[in-house]
Amino acid sequence: MSLESARAQIPVVCVGGSAGGLDSYIRLLRHLPPDMGIAVVIVNHLRTVATQLPEILPSYTRMPVELITDRLLIEPNRVFVIPEQRDLHVLDGEFRLKPISKPRGWPDVITVFLRSLTAHWHGKLIAVIVSGYDGDGAAALCGIKEVGGITIAQKPDTAGQPDMPGSAIASGCIDFILSPEDIGRKIAAIASSST
């Protein structure tokens, strides 16, 4: 097995959110062990403001937190954060950044990334939709399940903005509806059962 194909077997957890997402990310990360062997990718909606997540989140996890750059290798036991104004894709075990394809209206960066994962990633996939406006991500959840992935939505009454998890649940393709703390515990359980 080549290094690229071995790297592409790493379980990837995509955590998609928007308004109110910071609270959800913090609560989730606090319940993720740092040595599970998974890559956590936070896909947060940002139009023009630079993300502060790489500075904020290290206080809540022992995993390194890294802002994604083009062709960055996807590695386990790390938290990766999407930069503003970019669509995120994967190819050959690396992140690929492209100019945002929907610069106006509600972003669809979560949907874009999840669809790239279903097409180009061979490891276990877990898609998590947390607090946010609109319904980004929902359109890609059935595709995640079709390739054997697991889908999780934040319990709407635990979210600052329930629109995004509500849209995910309405897709009919959600496996678990949980609080952020229980999402962290569920990811840890899935990771430990797949090793």
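The values are calculated or read from the model by the stated rules, or taken from the named source; none is laboratory data. Remember, it's a predicted structure, so these values are computed and weren't measured experimentally. Reconstructed Cβ throughout: ideal geometry from the backbone, glycine too, with neighbour counts over all protein chains shown. Calculation scope for accessible area: heavy atoms of the full protein, side chains included, ligands and nucleic acids excluded. Shrake-Rupley method; radii C 1.70, N 1.55, O 1.52, S 1.80 Å.
Surface calculation, 1.4 Å probe, protein heavy atoms: GLU66 sits at approximately 60 Å² accessible. A probe of 1.4 angstrom, applied to the heavy atoms of all protein chains, finds SER59 with accessible area near 90 square angstrom. Here the Karplus relation 6.51 cos²θ - 1.76 cosθ + 1.60, evaluated at θ = phi - 60°, turns the backbone of the stretch 22-33 into coupling constants of 4, 4, 5, 4, 4, 5, 5, 4, 4, 10, 9, x Hz, with x for every Gly and Pro. Peptide packing: for 11-20, 118-127, 139-148, 35-44, the average count of neighbouring Cβ atoms within 10 Å per residue gives the ranking 11-20, 35-44, 118-127, 139-148, highest mean first. Could you work out the percent of alpha carbon pairs in the chain separated by over 29 Å, rounded to a whole number? Tail of P(r) above 29 Å: 10 percent of Cα pairs. Our analysis of the stretch 144-195 gives Rg over Rh at 1.00, with the two radii drawn from alpha carbon positions and Rh computed by the Kirkwood formula. A cysteine counts as unpartnered when no other cysteine's C-beta lies under 4.7 Å of its own; in the chain this applies to CYS14.
With N residues in the stretch 53-150, what two-decimal value do you get for its Cα radius of gyration over 2.2 N^0.38 Å?
Details: Rg = 13.5 Å, N = 98, 2.2 N^0.38 = 12.6 Å.
Normalised by 2.2 N^0.38 Å, the Cα Rg of the stretch 53-150 equals 1.08.
I need the shape label for the stretch 31-91. Rule: rounded when a/c is under 1.5, else prolate if a/b > b/c, else oblate, with a, b, c from the alpha carbon gyration tensor. Oblate, since a/c reaches 1.5 and b/c is not below a/b.
Convex hull over the Cα atoms of the stretch 96-187, averaged projected area in nm²? Write down the numbers at each step before the final one.
Values: hull surface 24.2 nm².
With the hull built on Cα positions only, its mean projection is 6.1 nm².
Helical content of the chain, expressed as a calculated mean residue ellipticity at 222 nm, amounts to -8000 deg cm²/dmol (DSSP H runs of 4 or more residues, -39,500 (n - 2.57) each, divided by residue number, nearest 500).
Give me the net charge for the shell around LEU178: Cβ to Cβ below 9 angstrom, other residues only, Lys and Arg +1, Asp and Glu -1. Mind showing how you got there, number by number?
Numbers: positive: LYS155, ARG185, LYS186; negative: GLU181, ASP182.
The answer is +1.
First select every other residue whose beta carbon is under 14 angstrom from the beta carbon of PRO64; then total the charges, Lys and Arg +1, Asp and Glu -1. Result for the neighbourhood of PRO64: -2.
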